[in-house]
Amino acid sequence: MKPNILIVDDKPENVLALEGLLREEDANIITANSGNEALALLLDKEVAVTLMDVQMPEMDGFETVSLIRQNRKTGHIPIIFVTAINKEEKYVSQGYELGAVDYLFKPLQPSVVRSKVRAFLELYRQKEELGQKTVELEKLNSALFQVNAKLEVSLRELRVLNHDLEQFTSVASHDLKAPLRTISMYLSLIENKYRGNLDADVGEYLRFAVTGSNRLSSLINDLLLYAKAGNRQMKCEDVDVNSILSNVLQDLKASLEEAQGRVEKTELPIITGDPTQLSQCFQNLIQNAIKYRGSKRPVIGVGATLSGNEWRFYVSDNGPGIPKDSYEKIFQLFHRLHSCEEVDGSGIGLAICRRVAERHGGRIWVESKPGKGSTFFFTIPTNNQKNGTTH
Ligand code: ADP
């Protein structure tokens, strides 16, 4: 909608002259021939700028403006006094005290009139635009608020669901373990009792059953570890990663020797973290480096570098490597690149490592050169809090 310009003058010829000067402007011109009429119009219409004659009978320009300023609805309207006589300082200052924004002195210079009026029209347009933007912003804000609120509810639900799932995994794993132990035990009893007396087929079936139940047992154990890495309260303390590594290597000594492998380590830092979880992470990565060695003797590198405000640990191997399109997938639960016939496993180890890294506020990823080996990196921030960092 076009903005309104109000011309207030008791003399029709003056009104006509101003109208003529402002005809080209992109605005509606409305006119009043007295202060009273001007007031009535201003109460009724939104006006961008008023051109007010100072000398009018009944109520002069100053009185009119004084009334305009007193009204909340009209108080803000810009006013330009138009006058032939009051060029003297005292009149001008009277006008300004009343909140007049400007003066135009007669004889009017068309370019001055137009540029002054244009400035106010522009100001009005900007104000309108700002008003619209504010309304839009308020709408956006309230939409954002609603989305946020919904998101919070979803997050809360997700946390509850996650917690329930962890609980379920943990309980189910525990409950599954007991009957599985019974199955394994009876299978071993049968195997021992009838060793040598079973025909070849039955012996083979029995071995399949034993292998299957062993696999199930280690799957349940790994699932339990995965659940624990997610829902166990973290116990963060200062830990010497050198001693974590030496314990892990002690546990893996037999399989490392069997594979005729060796570990080359650099000095490792003292960091703040959960020692059980960090051990689990190193154990899984080094175990994988041994397991997925292909036909080579494993040479495993372990080290750390400080990068910004995080420690970056690595476990490298000289194994077959990992194709690029599997860099992400191998950290997903149950995702395997090798079948159980090739290398035994459950596809949970790296998912545990990811949980451990993320719960410490870090990340994990792999880089690899097919045929040459892989390097797993994980980061742990240096500003982790001791005791009870839980995510
Ligand atoms: P698992 O070893 O029980 O299968 P992981 O989650 O530890 O489960 O590993 C997922 C898959 O990633 C493995 O099955 C294997 O195919 C691949 N992988 C893991 N570590 C290596 C490695 N160092 N070299 C090559 N492949 C690997």
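Laid out as a table, the results:
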quantity: Filter pass, residue 170 being assigned by TED's automatic domain parsing to the domain that holds residue 219, in a helix (DSSP H, G or I), modelled with pLDDT under 80 and not aliphatic (A, V, I, L, M); calculated: yes
quantity: Some residue of the stretch 346-359 being of a type in the set (A, V, I, L, M, F, W, C), open to solvent by 30 Å² or more (accessible area, probe 1.4 Å) and out of contact with any Lys or Arg (no Cβ under 6 Å at 6 or more places or on another chain); calculated: no
quantity: Looking only at the stretch 330-355, and only at residues there that are within 6 Å of the ligand (Cβ to nearest atom) and among the β-branched types (Val, Ile, Thr), the one that is farthest from residue 282 (Cα to Cα); calculated: 330
quantity: Helices (runs of 4 or more DSSP H) contained entirely in the stretch 175-294, each with at least 3 residues that are within 16 Å of the ligand (Cβ to nearest atom) and buried (at least 16 other Cβ atoms within 10 Å of the Cβ); calculated: 200-231, 275-291
quantity: First in the stretch 264-278 and β-branched (Val, Ile, Thr), second anywhere and open to solvent by 90 Å² or more (accessible area, probe 1.4 Å), Cβ under 6 Å, 6 or more apart; calculated: 272/386
quantity: Any hit, the stretch 309-320, residues being within 8 Å of the ligand (Cβ to nearest atom), open to solvent by 20 Å² or more (accessible area, probe 1.4 Å) and farther than 26 Å from residue 262 by Cα; calculated: no
quantity: So residue 42, is it in a helix (DSSP H, G or I) and modelled with pLDDT of 90 or more; calculated: yes
quantity: Those residues of the stretch 2-48 which are open to solvent by less than 80 Å² (accessible area, probe 1.4 Å) and more than 23 Å from residue 63 (Cβ to Cβ), in sequence order; calculated: 3, 17, 19, 20, 21, 22, 25, 27, 28, 29
quantity: Inter-residue pairs, beta-carbon under 6 Å, first closer than 15 Å to residue 309 by Cβ and in the stretch 365-382, second part of a strand (DSSP E or B) and of a type in the set (Lys, Arg), 6+ apart; calculated: 379/312
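Yes or no, residue by residue, for (1) farther than 24 Å from residue 379 by Cβ; (2) assigned to a helix (DSSP H, G or I):
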{"position": "321", "(1), (2)": "no, no"}
{"position": "325", "(1), (2)": "no, yes"}
{"position": "330", "(1), (2)": "no, yes"}
{"position": "335", "(1), (2)": "no, no"}
{"position": "341", "(1), (2)": "yes, no"}
{"position": "346", "(1), (2)": "yes, no"}
{"position": "351", "(1), (2)": "no, yes"}
{"position": "355", "(1), (2)": "no, yes"}
{"position": "358", "(1), (2)": "no, yes"}
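The values are calculated or read from the model by the stated rules, or taken from the named source; none is laboratory data. What you see is a predicted model; the values in this text were computed from it and never measured. Every residue, glycine among them, receives a Cβ derived from its backbone with ideal geometry; neighbour counts consider all protein chains shown. Heavy atoms of the whole protein, side chains included, go into the accessibility calculation; ligands, DNA and RNA do not. Shrake-Rupley method; radii C 1.70, N 1.55, O 1.52, S 1.80 Å.
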